[in-house]
1. What number of residues in the stretch 60-104 are within 18 Å of Asp154 (Cα to Cα) and of a type in the set (A, V, I, L, M, F, W, C)?
2. Within the stretch 78-86, does at least one residue satisfy the condition of being open to solvent by 50 Å² or more (accessible area, probe 1.4 Å), within 25 Å of the chain's Cα centre (by Cα) and at pLDDT below 95?
3. Taking the stated definitions as given, is Thr204 closer than 17 Å to Val296 by Cβ and within 13 Å of the chain's Cα centre (by Cα)?
4. Could you tell me how many of the residues in the stretch 56-76 are under 22 Å from Gly32 (Cα atoms) and not small (Gly, Ala, Ser)?
5. Answer with yes or no whether Ser96 is in contact with a Lys or Arg (Cβ under 8 Å, 6 or more places away or on another chain), at pLDDT 90 or above, of a type outside the set (Lys, Arg) and open to solvent by less than 30 Å² (accessible area, probe 1.4 Å).
6. Scan the stretch 328-343 residue by residue and report those that are among the acidic types (Asp, Glu) and free of Cβ contacts under 8 Å to residues at least 24 places away in the same chain.
7. Would you list the helices (runs of 4 or more DSSP H) that sit entirely within the stretch 233-346 and hold 3 or more residues that are crowded, with 16+ Cβ neighbours inside 10 Å?
8. Checking the structure you have, find out if any residue of the stretch 24-32 is small (Gly, Ala, Ser) and open to solvent by less than 10 Å² (accessible area, probe 1.4 Å).
Amino acid sequence: MLPEYFEFYNPVKILCGHHALENIPYELMRLGATKPFVLISRTMMDQGVLEMIGGRLKALVRTDVPKDSSFALVDEITTRVRQEGCDSILAIGGGSVLDTAKAVRVMLSGENKNLRQMLGSEWVIPGRKEIPFIMVPTTSGTGSECTGVAVVQDDRTKIKQEIVSDRFLPDVAILDPRCTEKLPPRLTASSGMDALTHAVEACTGLQKNPLSDAYASSAVRMIGQHLIAAVREPKNEEHRMMMACASTMAGMAFSNSMVGLCHAIAHALGAACQLPHAEAVGIMLPHVMRWQMDVVGHDYGRLLCDFCGPEYYAQIPDRQRGKKLIEAIEDTLIHLHQKCEIPSNLREAGVTRKDLRAVVQAAMDDGALLTNPKPAGKEDVLYILERAL
């Protein structure tokens, strides 16, 4: 059904393909940047990504971003970058590196003295000039390069805060298959399940629209065709490239339509049980889908064609298509578990029954519940979690 009104926003220029990294010096020049601040993961630094980029970058380089970034780290980096006179940001890495860079970028562009002041509002400042920002994702899951979301831990409460604003979007995103060539199989698998969850929830959330559907369904198709193959053949450039594109497209979709209950529970599992986010959403996705089949089963049925292909889709009666999609996702998760030991249930991930009440409470405070197509209460979340054990 076409919504009465919707918005879709994504101004990011995307450079995609072999040797895309080598275009970064030109893009910096085009944006008027002469002294970038480079935030890069140690892994990518050791793999020689800066040498691949080439050019003579007069840059300040930092490589020590921890797994979970923090308000204090963002404030510290912002102060240093201002002191050094950097005029742009180049971020190369996974989720924590990219989220940190997003937060630093808006701090440099605004008048706020610390990141905590930015919570709870869009903080739009008329006439403010954003500094040039280029992002290079090194996993194929978060879609962070095309999402207006940053996750940063509050040092005081130890709670990860999601800050939402289109100000986090970069000017340019670089998708180069060399950046994921040495990604461990388990991380490739969990990242792919994260991207799949983004795409599926984007197709069913309350803010879904025709444009987000187009990106999300295309992402589902790419993941269905290439995720298992990317885990089996990590050096195959086509599989890596297609998964990178799928992650980006799913990111575009959910940044506009938002996610739902699966992410609310996954965020809670991360907070209460320290379960990695990508593994948490992969485990929970089929269980959440089965619970809300009565509301969005038809939408799931349409995605069966994308995930499994038109020939299989045509063989399945219309009323069974949503159920068959869930079974196909479960089969994918089991295959990935057998191939690289990604957990296929909460028990394998170290979650116990005694943890569930804390997870339920944390999930009920998550904003992703607001856009889920089926209202969920505490007993609903507990019911879903018990079946995921």
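1. Count: 11.
2. The answer is no, given that none of the residues of the stretch 78-86 is open to solvent by 50 Å² or more (accessible area, probe 1.4 Å), within 25 Å of the chain's Cα centre (by Cα) and at pLDDT below 95.
3. Considered against the rule, which asks whether it is closer than 17 Å to Val296 by Cβ and within 13 Å of the chain's Cα centre (by Cα), Thr204 comes out as no.
4. 6
5. Yes: the conditions hold for Ser96.
6. Correct list: Asp331 only.
7. Helices (runs of 4 or more DSSP H) meeting the threshold: 237-257, 261-273, 277-291, 293-308, 321-340.
8. Scanning the stretch 24-32, I find no residue that is small (Gly, Ala, Ser) and open to solvent by less than 10 Å² (accessible area, probe 1.4 Å), so the answer is no.
The values are calculated or read from the model by the stated rules, or taken from the named source; none is laboratory data. Note that the coordinates shown come from a computational prediction; the quantities given were computed from them, not determined experimentally. Don't worry about glycine lacking a Cβ; one is built from the backbone with ideal geometry, like all the others, and counts go over all protein chains shown. Just the protein is used for accessible areas: all its heavy atoms, side chains included, with ligands, DNA and RNA removed. Shrake-Rupley method; radii C 1.70, N 1.55, O 1.52, S 1.80 Å.
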